[in-house]
1. When only residues in segment 151-204 that are touching a residue at least 24 places away in the same chain (Cβ under 8 Å) and of a type in the set (K, R) count, which is farthest from A218 (Cα to Cα)?
2. Return yes when L115 is surrounded by 16 or more Cβ atoms within 10 Å (Cβ to Cβ) and in a helix (DSSP H, G or I) and no when it is not.
3. Residue pairs, Cβ under 9 Å, 6 or more apart or interchain, first in segment 128-140 and free of Cβ contacts under 8 Å to residues at least 60 places away in the same chain, second assigned to a strand (DSSP E or B) and buried (at least 17 other Cβ atoms within 10 Å of the Cβ). List them.
4. Got a sec? Which of T116, T85 is within 21 Å of L223 (Cα to Cα), modelled with pLDDT of 95 or more, in contact with a His (Cβ under 9 Å, 6 or more places away or on another chain) and not basic (K, R)?
5. Mind telling me which of the residues A40, A36, A59 ends up being modelled with pLDDT under 95 and assigned to a loop (DSSP other than H, G, I, E, B)?
6. For the condition surrounded by 15 or more Cβ atoms within 10 Å (Cβ to Cβ) and either touching a His at 6+ places or on another chain (Cβ under 6 Å) or of a type outside the set (A, V, I, L, M, F, W, C) (or both), what is the one hit in E163, E174?
7. Among the residues of segment 26-39, is any open to solvent by 20 Å² or more (accessible area, probe 1.4 Å) and touching a Gly at 6+ places or on another chain (Cβ under 9 Å)?
8. Could you list, in sequence order, the residues of segment 74-93 that are among the aliphatic types (A, V, I, L, M), out of contact with any helix residue (DSSP H, G or I) (no Cβ under 6 Å at 6 or more places or on another chain) and in a helix (DSSP H, G or I)?
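The values are calculated or read from the model by the stated rules, or taken from the named source; none is laboratory data. Because the structure is predicted, anything quoted here is derived from the model rather than measured. We place every Cβ from the backbone using ideal geometry, glycine too, and count neighbours over all the protein chains shown. The area values use the complete protein model at the heavy-atom level, side chains included, leaving out ligands, DNA and RNA. Shrake-Rupley method; radii C 1.70, N 1.55, O 1.52, S 1.80 Å.
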Amino acid sequence: MSSYYPPAHPVVGVLGGMGPAATIELMRRVMEATPAADDADHIHLLVDQNPKVPSRIDALINGTGPSPLDELVRMAKGLEGAGATMLAIACNTAHGYAADIASAVRIPLLDMVTLTAGAVARRPLSRRRIGMLASTAVLQLGLYERAFEAFGIETRYPDDQAEIMAIIKAVKKEGATAGLRSRFNVVARRLIAGDVDFLVIACTELSLLVDGLDADLAKIDALDVLVATIVERTLPHRR
């Protein structure tokens, strides 16, 4: 979408609630990343904080729940109808439906997966291997694998992916506790020791734990990439 130029008053529609805390974190990071001297300098966000979207995990991994696609498309169309000029999804796993969501609306969707792969590819990579910290659904769908293949980059996941899923579920239940930060740091330490260039945090629940990672861990957070793109796409056009 590099050729897309939003209107004079860009409005970012956020498909949120997956989960609620991760959506609020996206909003907080957008606010903090925006150079502003007054209220009017900030970015106009329309947020559908919808925690009733059917579980992506149940639909994609367990096969026990309905597809969230219809609800995601309804949200996207609603945000478009309310005046959004571009869309963002505050959930990596939900990007498994990104193509269908994008085709249902006339405004562009900022694809966090594609954007993150591009951001990684612009970094110096000696091994051309990335350690992925993401949900099992992201792994099974091959979302990042396909995006990285275009750049000749391989992905690695933790040996104990079950621990990552347990941490993600616990964040949804308990919030970003000190204990979960510590557990996440242990998994991250083990993964980066496996001969990868750096880590990619590709779950917005895990983004809530990033401040608990050791400072020397080389990493990039997909949520930060999305935030930077939102600011970049709106900043030159705001009034």
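1. K172
2. yes
3. L139/M132; L139/T155
4. Answer to the selection: T85.
5. Answer to the check: A36.
6. Values: E174 fails: surrounded by 15 or more Cβ atoms within 10 Å (Cβ to Cβ).
Of the residues listed, the single one that is surrounded by 15 or more Cβ atoms within 10 Å (Cβ to Cβ) and either touching a His at 6+ places or on another chain (Cβ under 6 Å) or of a type outside the set (A, V, I, L, M, F, W, C) (or both) is E163.
7. Yes, some residue in segment 26-39 is open to solvent by 20 Å² or more (accessible area, probe 1.4 Å) and touching a Gly at 6+ places or on another chain (Cβ under 9 Å).
8. Selection gives M75, L79.
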